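The values are calculated or read from the model by the stated rules, or taken from the named source; none is laboratory data. Just so it is clear, the structure is predicted and the values come from calculations on it, not from any experiment. Note: ideal-geometry Cβ built from the backbone for every residue, glycine included; neighbour counts use all protein chains shown. Keep in mind that these areas ignore ligands, DNA and RNA; they rest on the heavy atoms of the full protein, side chains included. Shrake-Rupley method; radii C 1.70, N 1.55, O 1.52, S 1.80 Å.
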Amino acid sequence: MNRENREFWLLVGSQELYGAAVLETVARRAQEMAAYISASGCVPRRLVFKGVVRSDADAVRFCREASFDERCCGVVAWCHTFSPGKMWINGLSLLQKPYCHFATQYHREIPNDGIDMDFMNLNQAAHGDRELGYTEARLRLARKVIFGHWQDAEPLRALGRWMRAALGWAESRTLRVMRFGDNMREVAVTEGDKVETQRKLGWQVNTWAVGDLAEELRAVSDAETAALTEEYLDAYTLATEDRESVACQAREELAIRRMLDREGCTAFSDTFQDLHGLPQLPGLAAQHLMALGYGFGGEGDWKTAALLRVVGAMCEGMGGGSGFMEDYTYHLAGERSCVLGSHMLEVSPALAAGRPEIRTHPLGIGRNSSDPARLVFEGKPGPCTLTSLVDMGGRLRLIVQEAEAIRPILPMPNLPVARVMWRPLPDLAGGVPMWIMAGGSHHTVFSYDADAALLESWADMMDIEFVRIGRGTEPAALKKELMLGDLLWKLR
Ligand code: MN
């Protein structure tokens, strides 16, 4: 599947009753709207007008085609005229793609002199959209409702955000994760039901022997290794004399990438507890692979690895960056309080404020035969989210922490890894206990691009529980929400 071909389909509701002239006008206008929205710069993919729904047969045909067409990542619908809801039931019941109800209308204002019964017949979205809305509600259809004029930036940006969530849906349905080794021994939160995850999210999570990777490593040529090392030196500043270690990481990256590409995997996990045949824990290698768009999770964390790949697909071209993250330690200093995030090596350079440095330092954890090369840098300031996917037993919960990243406020000259600092919202004192209450992991996907609304739309599409912690979240309300969620998700 070529990701560039991904697109969205526009269906416009009407009915035969209005006659050919009205239906032609509806179709012409819908064509114009789809073209305008596609060219608006607010949406990541084009919106293609597929047709006017005039009957039950039309709804069934369009929904069936949308469900089976690989290019179609979602359906956007609205009603230009009244469109009886029973006409839509059989079609929408078949639909297997994300669905958005864009409650809009062709004209912006009511024409004072122009409004007569003909105008009323043709332009009754406020009427038709309520009938369609009832039908969607009655079917318990997973959906997003967006309201506003089709030429206004705000609703189009909301539509663009929904489309991005749907791109994440499409990525999920075909995502394959390669695991090298199991989860870190005794760790709970990185575990999960892989069968349930595949049922809900589509992720295919399987394991390959570290020995296979060690064998692949031996097949990597010196010339390829030298070429990738040059690529590193173009992008990063060399701050070590240990060129051997840098070459070792390049060799590991090439071997991992070769195995991933061969198996159609776009995310992977490894663990420092299983490095048999590998000279070093992949550090620079994993970091550069994340920069290329591969998902990664440390300590066998396949859920975070896959989630990073999905967030990357949702946020393509946004330019902020996303990466694997771990909460490390707090700085409790009044107004200056914040969280320090990092990892033992693997922080994505997509989060860097400046040009990363390649350094080598000893790594006591795991059986490294030499000092692994890694990228060291400071994270950028700006609004961000930290997202964790946890298995609650019988269901998955997506937890999003809204936060404000800051430039690291300490130089920390002896810290041998990349560092990112942030303040959770509503504030550190409120955010941390609520995250812990919700069961959020120490591993997250950190993103400057994905906001809570985007992630919520994705969770809705995947039919999983969504918990947001951020501006306005109250501990008491959250506690109640989690308790109700436990009940609700048992009933589903
Ligand atoms: Mn970790």
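Conditions tested, residue by residue: (1) open to solvent by 40 Å² or more (accessible area, probe 1.4 Å); (2) not in a helix (DSSP H, G or I).
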{"residue": "Leu11", "(1), (2)": "no, yes"}
{"residue": "Val22", "(1), (2)": "no, no"}
{"residue": "Arg28", "(1), (2)": "yes, no"}
{"residue": "Glu32", "(1), (2)": "yes, no"}
{"residue": "Val43", "(1), (2)": "no, yes"}
{"residue": "Ala57", "(1), (2)": "yes, no"}
{"residue": "Ser67", "(1), (2)": "no, no"}
Conditions (1) under 27 Å from Glu7 (Cβ atoms); (2) in a helix (DSSP H, G or I); (3) without any contact (Cβ under 8 Å) to a residue 60 or more places away in the chain: number failed by Arg108
(2)
Quick check: anything in the range 69-92 in a helix (DSSP H, G or I), at pLDDT 95 or above, over 22 Å from Arg29 (Cβ atoms) and of a type outside the set (A, V, I, L, M, F, W, C)?
yes
Filter result for the condition that a residue is more than 16 Å from the ligand (Cβ to nearest atom), surrounded by fewer than 14 Cβ atoms within 10 Å (Cβ to Cβ), in contact (Cβ under 8 Å) with a residue 60 or more places away in the chain and in a helix (DSSP H, G or I), over Glu230, Glu215:
Glu215
Scan the range 378-395 and give yes if some residue there is over 19 Å from the mean Cα position of the chain (by Cα), assigned to a strand (DSSP E or B) and more than 17 Å from Thr304 (Cβ to Cβ), otherwise no.
yes
Select from the range 453-485 the residues that are in a helix (DSSP H, G or I) and either modelled with pLDDT under 95 or not hydrophobic (A, V, I, L, M, F, W, C) (or both) and list them in ascending order.
Glu456, Ser457, Asp460, Pro475, Lys479, Lys480, Glu481, Gly485
Would you mind telling me which numbered condition in (1) modelled with pLDDT under 95; (2) within 30 Å of Arg3 (Cα to Cα) Ala30 fails?
(1)
2 or more residues touching a residue at least 40 places away in the same chain (Cβ under 8 Å), of a type in the set (Lys, Arg) and surrounded by 23 or more Cβ atoms within 10 Å (Cβ to Cβ): qualifying strands (runs of 3 or more DSSP E) within the range 261-342
none
Select from the range 160-180 the residues that are open to solvent by 10 Å² or more (accessible area, probe 1.4 Å) and outside any helix (DSSP H, G or I) and list them in ascending order.
Thr174, Arg176, Arg179
I'd like the residue in the range 418-451 that is open to solvent by 10 Å² or more (accessible area, probe 1.4 Å) and aliphatic (A, V, I, L, M) and, out of all such residues, is nearest to the chain's Cα centre (by Cα).
Leu425
Does Thr225 qualify as being within 16 Å of the ligand (Cβ to nearest atom), open to solvent by less than 10 Å² (accessible area, probe 1.4 Å) and more than 17 Å from Ser172 (Cα to Cα)?
no
Counted residues, the range 352-369 - those being within 16 Å of the ligand (Cβ to nearest atom) and hydrophobic (A, V, I, L, M, F, W, C)
2
Restricting the search to the range 380-417, which residues are open to solvent by 20 Å² or more (accessible area, probe 1.4 Å) and of a type in the set (S, T, N, Q)?
Asn414
Looking at this structure, is Glu186 within 16 Å of the ligand (Cβ to nearest atom), more than 21 Å from the chain's Cα centre (by Cα) and not hydrophobic (A, V, I, L, M, F, W, C)?
yes
List pairs: first residue in the range 125-144 and within 18 Å of Arg492 (Cα to Cα), second residue among the β-branched types (Val, Ile, Thr) and at pLDDT 95 or above anywhere in the structure, Cβ distance under 7 angstrom, at least six positions apart or on different chains.
Leu139/Ile89
